[in-house]
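Note sheet for the following structure.
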C-alpha cells in the first residue's frame, strides 16, 4: 500500500538520511521540505518517488498549499534551527520554530494525517537530575531556547493527540552522528579537524559526557516505528547508553585517524554545555533487536565513507 510521507528539514543530516531510506521502498512517495538555513542541497536524494520543495515550515502559506494538495499519510517534522552556538546566538530565531510546530500540527489534524513523528532532543533534560535519563520519569529542566522550543513542541504534540486524536511518536535524539554531518556538531568537527591535522578545541576540562548514536541505528528504529506501528502515542529516547567524555572522544579520533592534531582547552561555555547526558534506552534497544553500532565502528564507517 502506497504511503505518502512529508519530511520537513529534509536537507539536514538526519532528515536527508531518513528520506534516502524511505525512498528505498518504491511504494513510499516522499516529499521533502527545507529552507536551507542549515541543510544543504547536496544532501537531497534524487529519485522518481522523491519531490522537494524549498520553503520555510514557519511560513504558513507555503505549508498550507503543500498539505492541502498532497494529503499526506505521515509527517516527520524534523525542521529546526540547530547547533549550540547558532541557537544561543539567535534565540528569537529559535523561538520562531514554535509557530511552525503549531501550524503543521493543525494542518496534520485537518488533513487527516495518520501519524505525526516529532524530532525532539536530549537537550530537553537539561542538567542531569538522574542517570540514565528516562522518558517518563526524569524531569525536564533545561532553560535554553532550543530545549524550551523542543519541550513546547512535545507538549503541543500531546495536546493535539488528546484533543483531536492525532496519533504521534516523539523521538528524543541523543547525538546522532554519521557521514556527511555538518561541523556544527562535535563528532563531525573533531573528525574534520583531525583529518586536516588541526587543533581539536575542547571547552573546559573535557570531562563532560555525551553518548553517540550512529545514524543507521537511528534510522532502523525510526522505520520500525513507522512500518511496524511501534511506540504509537509515546516518547522514546533514541541513543546509546555508552557515556564518553569529550576529552576521550578527541583522543580516540586522533588515534583512529592517525592525526598529528593537538587537543587544546578553551574556557568553558557560559551556557549550553551540560555536564552529563545518558539515556535510558531500553525501549530503543527492543526496537533494534540487535546490538548498537559501537563508537569505534561508527567512526570507522565515517572514515571509510567517500569524502
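Quick one: is residue 108 closer than 13 Å to residue 6 by Cα and at pLDDT 95 or above?
yes
Give segment 226-262 a look and list any residue that's surrounded by fewer than 20 Cβ atoms within 10 Å (Cβ to Cβ) and closer than 21 Å to residue 134 by Cα, or say none.
Scanning segment 226-262 gives 230, 232, 233, 234, 235, 241, 242, 243, 244, 245.
Among the residues of segment 182-205, write down those that are crowded, with 21+ Cβ neighbours inside 10 Å and out of contact with any strand residue (DSSP E or B) (no Cβ under 8 Å at 6 or more places or on another chain).
Result: 191, single match.
For residue 223, indicate whether it is assigned to a helix (DSSP H, G or I) and either outside the structural domain of residue 129 (by TED's automatic domain parsing) or within 17 Å of the chain's Cα centre (by Cα) (or both).
Spelling it out, residue 223 is indeed assigned to a helix (DSSP H, G or I) and either outside the structural domain of residue 129 (by TED's automatic domain parsing) or within 17 Å of the chain's Cα centre (by Cα) (or both).
Residue 243: under 18 Å from the mean Cα position of the chain (by Cα) and within 28 Å of residue 118 (Cα to Cα), yes or no?
So residue 243 does not fit the description; no.
Name the helices (runs of 4 or more DSSP H) wholly within segment 69-164 that hold at least 2 residues that are over 16 Å from the mean Cα position of the chain (by Cα) and either surrounded by 18 or more Cβ atoms within 10 Å (Cβ to Cβ) or free of Cβ contacts under 8 Å to residues at least 60 places away in the same chain (or both)?
91-95, 97-110, 145-164
Answer with yes or no whether residue 197 is part of a loop (DSSP other than H, G, I, E, B) and touching a residue at least 40 places away in the same chain (Cβ under 8 Å).
yes
Among (1) at pLDDT 95 or above; (2) within 26 Å of residue 10 (Cα to Cα); (3) assigned by TED's automatic domain parsing to the domain that holds residue 262, there is one condition residue 200 misses while meeting the rest; what is its number?
Result: residue 200 fails condition (2) only.
Before we move on, is residue 217 modelled with pLDDT of 95 or more, touching a helix residue (DSSP H, G or I) at 6+ places or on another chain (Cβ under 7 Å) and in a helix (DSSP H, G or I)?
So residue 217 fits the description; yes.
Among the residues of segment 171-180, what is the count of those that are over 11 Å from the mean Cα position of the chain (by Cα) and buried (at least 20 other Cβ atoms within 10 Å of the Cβ)?
So the answer is 1.
The values are calculated or read from the model by the stated rules, or taken from the named source; none is laboratory data. Quantities reported herein were computed from a predicted structural model and do not represent experimental measurements. When we count neighbours, we look across all protein chains shown, and the Cβ atoms used for this are built from the backbone with ideal geometry, even at glycine.
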